[in-house]
Amino acid sequence: MMTATPLSERCAAVLERAEHACFGISPFNGYFSPPRLRELVEWGLNRFERVDFFVPDAPSAFTLEALGYAPEKAAWKARRQGQYTRNKIVTALGSLGVDGGAGRVLGWAELAGNQAFRDLHEGLLRRYAEDAGLRAVCREAAAWVLGGKLPGGSVPDEGQVERAVRYFLAELPLFLDTPSIVGAGTSVFCYHRPPEVLRRLYAGELGWRPAVGQGFAVVVPAG
């Protein structure tokens, strides 16, 4: 049903081990329809020993703020859509006879209580403030996300990028070291359309690298 293309030889080795997969499920992305989610869930359960689903629910508010929503409205919309996305995942798991509880969904509530994630996230926030190279890469990714949401091909301004970058910084720990967060030896992050900066990250072209056991695969419907 699905094809998985690793971003590097190291990613290919992690994918081959099939120990753990973390699927990124974006709350405001129509790609993740109920049928598509069921396909992803079924493929993941058949392919990997363990599967979790990352839903950047609360951090989505940063993108909404960058698009012009007031902070309170943005937080409310992010919570509502995040819960809707979580329910779709649980429904997909249930349709395959799998319990959707027990940490299957990694939303902000679960991650905020995870010491490994907190350490990674706090370290990235500090480095973002100090490291011009990391700051440029993160802002590039944030601008790419916003560019797909602004009307008429508009280019986001500096203020919008600085608001939206907090979304990417909230995701980045999962791209760098999911194994430490979920307690696995290896883990492959699965998504259908990664930004170019992640391709460069896994190709070793940036000044910082993912953990040894971290992989990334572009997962899309076969054919």
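The values are calculated or read from the model by the stated rules, or taken from the named source; none is laboratory data. Since we're looking at a predicted model, the values are computed, not measured. For neighbour counting, all protein chains shown are included, and Cβ atoms are generated from backbone atoms with ideal geometry for every residue, glycine included.
Taking the stated definitions as given, is Leu64 in a helix (DSSP H, G or I) and in contact with a strand residue (DSSP E or B) (Cβ under 6 Å, 6 or more places away or on another chain)?
Values: in a helix (DSSP H, G or I): yes; in contact with a strand residue (DSSP E or B) (Cβ under 6 Å, 6 or more places away or on another chain): no.
No; evaluated as a whole, the condition is false for this residue.
Given the structure, is Phe53 surrounded by 17 or more Cβ atoms within 10 Å (Cβ to Cβ) and in contact (Cβ under 8 Å) with a residue 60 or more places away in the chain?
Working: surrounded by 17 or more Cβ atoms within 10 Å (Cβ to Cβ): yes; in contact (Cβ under 8 Å) with a residue 60 or more places away in the chain: no.
It is false that Phe53 is surrounded by 17 or more Cβ atoms within 10 Å (Cβ to Cβ) and in contact (Cβ under 8 Å) with a residue 60 or more places away in the chain.
Return the residue satisfying two criteria in turn: it lies in segment 203-220 and is of a type outside the set (A, V, I, L, M, F, W, C) and modelled with pLDDT of 95 or more, and of such residues it is surrounded by the fewest Cβ atoms within 10 Å (Cβ to Cβ). Full working, then the answer.
Restricting attention to segment 203-220, the residues satisfying the condition of being of a type outside the set (A, V, I, L, M, F, W, C) are 204-205, 207, 209-210, 213-215.
In the following step, the residues that additionally are modelled with pLDDT of 95 or more were identified as 210, 213-215.
Numbers: Pro210: 23, Gly213: 20, Gln214: 24, Gly215: 31.
Here the residue is Gly213.
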* **Which listed residue is among the β-branched types (Val, Ile, Thr), under 27 Å from His20 (Cα atoms) and more than 18 Å from the chain's Cα centre (by Cα), from Val145, Val98, Val105, Val155** => Val98
* To do: Could you tell me whether segment 17-31 includes any residue that is buried (at least 20 other Cβ atoms within 10 Å of the Cβ), in contact with a strand residue (DSSP E or B) (Cβ under 9 Å, 6 or more places away or on another chain), modelled with pLDDT of 95 or more and assigned to a helix (DSSP H, G or I)?
  => no
* To do: Restrict the check to segment 66-76 and report whether at least one residue is modelled with pLDDT of 95 or more and in contact with a Phe, Trp or Tyr (Cβ under 6 Å, 6 or more places away or on another chain).
  => no
* Structure fact -> Expected output for segment 140-156 (first residue over 14 Å from Leu198 (Cα atoms) and hydrophobic (A, V, I, L, M, F, W, C), partner loosely packed, with under 11 Cβ neighbours inside 10 Å and at pLDDT 90 or above, Cβ below 6 Å, 6+ apart or cross-chain) is none
* **Enumerated helices (runs of 4 or more DSSP H) restricted to segment 78-197, each holding at least 2 residues that are crowded, with 17+ Cβ neighbours inside 10 Å, of a type in the set (A, V, I, L, M) and at pLDDT below 90** => 132-147
